[in-house]
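Participant: Quick one: the structure is below, questions incoming.
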Amino acid sequence: MAETERTVALVVAAGSGSRAGGDLPKQYRRIGGRSVLAHAVDRLHAAGLDDIRVVIGAGQEALFRDAMGDGRLPSPIIGGAERQDSAHSGLEAIAADGGAARVLIHDAARPFVPPSVVDRLLAALDGYEAAVPVLPVVDTLACAESSLGEAVARDLLVRVQTPQAFRFAPILAAHRAWSGPPATDDAQIARAAGLEVAMVEGDAALEKLTYEQDFVRADQALAARLVARTGLGFDVHAFGEGEALWLGGIRIPHPRGLKGHSDADVLLHAITDALLGAIGEGDIGVHFPPSDPQWRGAPSSLFVEHARALIEARGGRIDHVDATLICEAPQLGPYRDAIRQHIAGLLRLPAARISVKATTTERLGFTGRGEGIAAQAAATVRLPEDE
Ligand code: MG
């Protein structure tokens, strides 16, 4: 019976604080190339929770779209001034949307939810109306005012994490009845309403990202789980009359340009295919069909940015791109730095991680006869192991 009951994961992501530094609220900061909120949502999905609602702060709609992309989740719920107001707004929105049997209320700033914790919480709801993950306190605790005071008996204390699981109707009623000062979690509100709150074993992976070093550590932990992939790209375009010559996103003064459906930037096409190849996403023609009129004359920088976005959406990182232009003319030298800078900008990488080289074919073949330009590229990308 319990398996068929609607269970909603309610992610509270309405904070405006940036205690960790930076200019973004912490749930929108990026670790491993993606927002903290996107990590939290993905882990809840991976734990088997498909019905996910997010509460954001007023005015954070654009940040939410940027963090989650379009269409992945229902529209966000707008929260209130305090965390509990936001949680309450979320519960009311779920109630208006048909209600639920169970709800897991979770803070976005704890992105790495282990499936085992979700399993323990939901199992506990078979016998309780509320359940929270807790960890023991291992440090000595003491009262601190102007100087160090009495130690506090830590064996009676636990650290309370989220997600916190509740039967839906009682926690909604508890929020509606709450009249105390701002509560920092929902278990306080549940207990005040007389609900018995079960404790299940928490997990160190659920630590809240609070300080700058927390974000650095999380980023490093994600990077350590990435594996390298290499992609190759190759492209050719023929010279044509009356065309502009674009190479690596830079317009090159030259008597002849390249023919193609887009701007025919052969170098960026090879790089796009290398990036797509590293993540097994087909080739440029799959994503930007030549039959589609919207790409006529399109700047090929768009294609490179699209490939970068696909890699980021997978939690991947681009380490390096190396490309070779194959032609007798023009000479690459005068434009090499500008091209590297432009590609680095598209990929959001330092220019030192972009290499652009050139070679001739000793006047042999179609490039040697000056009929067109060829380019090849290799991209090194790291992806999460399970991709
Ligand atoms: Mg092409």
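The values are calculated or read from the model by the stated rules, or taken from the named source; none is laboratory data. Fair warning: this is a prediction, and the values are worked out from it, not measured in the lab. Here Cβ is always computed from backbone atoms with ideal geometry, including for glycine, and neighbour counts include all displayed protein chains.
Participant: List the pairs whose first member sits in region 107-133 and is under 21 Å from Arg83 (Cβ atoms), whose second member is surrounded by fewer than 22 Cβ atoms within 10 Å (Cβ to Cβ) and of a type in the set (Asp, Glu), and whose Cβ atoms are under 6 Å apart, counting only residues at least 6 apart or on separate chains?
Facilitator: From region 107-133, the pairs are Val117/Asp203.
Participant: Could you count how many residues in region 293-313 are within 16 Å of the ligand (Cβ to nearest atom) and in contact with an Asp or Glu (Cβ under 7 Å, 6 or more places away or on another chain)?
Facilitator: Matching residues across region 293-313 total 4.
Participant: Which of the residues that make up region 250-274 are within 14 Å of the ligand (Cβ to nearest atom) and of a type in the set (A, V, I, L, M)?
Facilitator: Leu258, Ala264, Val266, Leu267, Leu268, Ala270, Ile271, Ala274, listed by residue number.
Participant: Further question on the same structure: Output the residues belonging to region 300-322 that are within 14 Å of Gly345 (Cα to Cα) and either within 15 Å of the chain's Cα centre (by Cα) or free of Cβ contacts under 8 Å to residues at least 60 places away in the same chain (or both).
Facilitator: Residues satisfying the conditions are Ser300, Ser301, Leu302, Phe303, Val304, Glu305, His306, Ala307, Arg308, Ala309, Ile318, Val321.
Participant: Turning to a different aspect of this structure: Select from region 224-248 the residues that are more than 14 Å from the ligand (Cβ to nearest atom), outside any strand (DSSP E or B) and either in contact (Cβ under 8 Å) with a residue 12 or more places away in the chain or in contact with a His (Cβ under 9 Å, 6 or more places away or on another chain) (or both) and list them in ascending order.
Facilitator: Arg225, Glu241, Gly242, Ala244
Participant: Hey, another quick one. For Ala374, indicate whether it is away from the ligand (no atom under 16 Å from the Cβ), buried (at least 19 other Cβ atoms within 10 Å of the Cβ) and small (Gly, Ala, Ser).
Facilitator: For Ala374, the condition - away from the ligand (no atom under 16 Å from the Cβ), buried (at least 19 other Cβ atoms within 10 Å of the Cβ) and small (Gly, Ala, Ser) - is not met.
Participant: Taking Leu63, is it part of a helix (DSSP H, G or I) and either crowded, with 20+ Cβ neighbours inside 10 Å or at positive phi (or both)?
Facilitator: Considered against the rule, which asks whether it is part of a helix (DSSP H, G or I) and either crowded, with 20+ Cβ neighbours inside 10 Å or at positive phi (or both), Leu63 comes out as no.
Participant: For region 345-358, which positions are part of a helix (DSSP H, G or I) and either farther than 15 Å from His269 by Cα or touching a Ser or Thr at 6+ places or on another chain (Cβ under 6 Å) (or both)?
Facilitator: Passing the criteria: Gly345, Leu346, Ala351, Ala352, Arg353.
Participant: Just a yes or no: is a residue in region 155-165 closer than 30 Å to Gly17 by Cα, among the acidic types (Asp, Glu) and not assigned by TED's automatic domain parsing to the domain that holds Gly285?
Facilitator: Looking through region 155-165, none of the residues is closer than 30 Å to Gly17 by Cα, among the acidic types (Asp, Glu) and not assigned by TED's automatic domain parsing to the domain that holds Gly285.
Participant: Checking the conditions here, which among Ala183, Ala264, Ala174, Ala165 is assigned to a helix (DSSP H, G or I) and either within 30 Å of the chain's Cα centre (by Cα) or touching a residue at least 12 places away in the same chain (Cβ under 8 Å) (or both)?
Facilitator: None of the other options fit; the residue is Ala174.
Participant: Turning to a different aspect of this structure: Name the residues in region 241-261 that are crowded, with 22+ Cβ neighbours inside 10 Å and under 30 Å from the mean Cα position of the chain (by Cα), would you?
Facilitator: Once the filter is applied, which keeps residues that are crowded, with 22+ Cβ neighbours inside 10 Å and under 30 Å from the mean Cα position of the chain (by Cα), region 241-261 yields only Gly248.
Participant: Read through the list (1) touching a residue at least 60 places away in the same chain (Cβ under 8 Å); (2) part of a loop (DSSP other than H, G, I, E, B); (3) small (Gly, Ala, Ser), then give the number of the only condition that Ser75 fails.
Facilitator: That leaves (1) as the condition not met.
Let's see how each residue does on (1) among the aliphatic types (A, V, I, L, M); (2) modelled with pLDDT under 95; (3) out of contact with any Asp or Glu (no Cβ under 8 Å at 6 or more places or on another chain); (4) surrounded by fewer than 17 Cβ atoms within 10 Å (Cβ to Cβ):
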| residue | (1), (2), (3), (4) |
| --- | --- |
| Glu212 | no, yes, yes, yes |
| Phe215 | no, yes, yes, no |
| Asp235 | no, no, no, no |
| Phe239 | no, no, no, no |
| Ile271 | yes, no, yes, no |
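Participant: Ok, one more. What are the pairs, 6+ residues apart or on separate chains, where a residue within region 189-217 that is in the same structural domain as His106 (by TED's automatic domain parsing) has its Cβ under 7 Å from a residue that is of a type in the set (Asp, Glu) and outside any loop (DSSP other than H, G, I, E, B)?
Facilitator: Lys208/Asp107
Participant: Here are some conditions: (1) in contact with a Leu (Cβ under 9 Å, 6 or more places away or on another chain); (2) of a type in the set (A, V, I, L, M, F, W, C); (3) buried (at least 18 other Cβ atoms within 10 Å of the Cβ). Ala228 meets all but one. Which one does it not meet?
Facilitator: Ala228 satisfies every listed condition except (3).
Participant: Which numbered condition trips up Asp139, out of (1) over 27 Å from Ala47 (Cα atoms); (2) not in a loop (DSSP other than H, G, I, E, B)?
Facilitator: (2)
Participant: Same structure again: Taking Arg340, is it touching a residue at least 12 places away in the same chain (Cβ under 8 Å) and surrounded by fewer than 16 Cβ atoms within 10 Å (Cβ to Cβ)?
Facilitator: No: the conditions fail for Arg340.
Participant: Right, here's the next one. Pick out the one residue from Gly316, Gly280, Gly345 that is buried (at least 24 other Cβ atoms within 10 Å of the Cβ), more than 16 Å from the ligand (Cβ to nearest atom) and either among the hydroxyl-bearing types (Ser, Thr, Tyr) or assigned by TED's automatic domain parsing to the domain that holds Thr361 (or both).
Facilitator: Residue meeting the stated conditions: Gly316.
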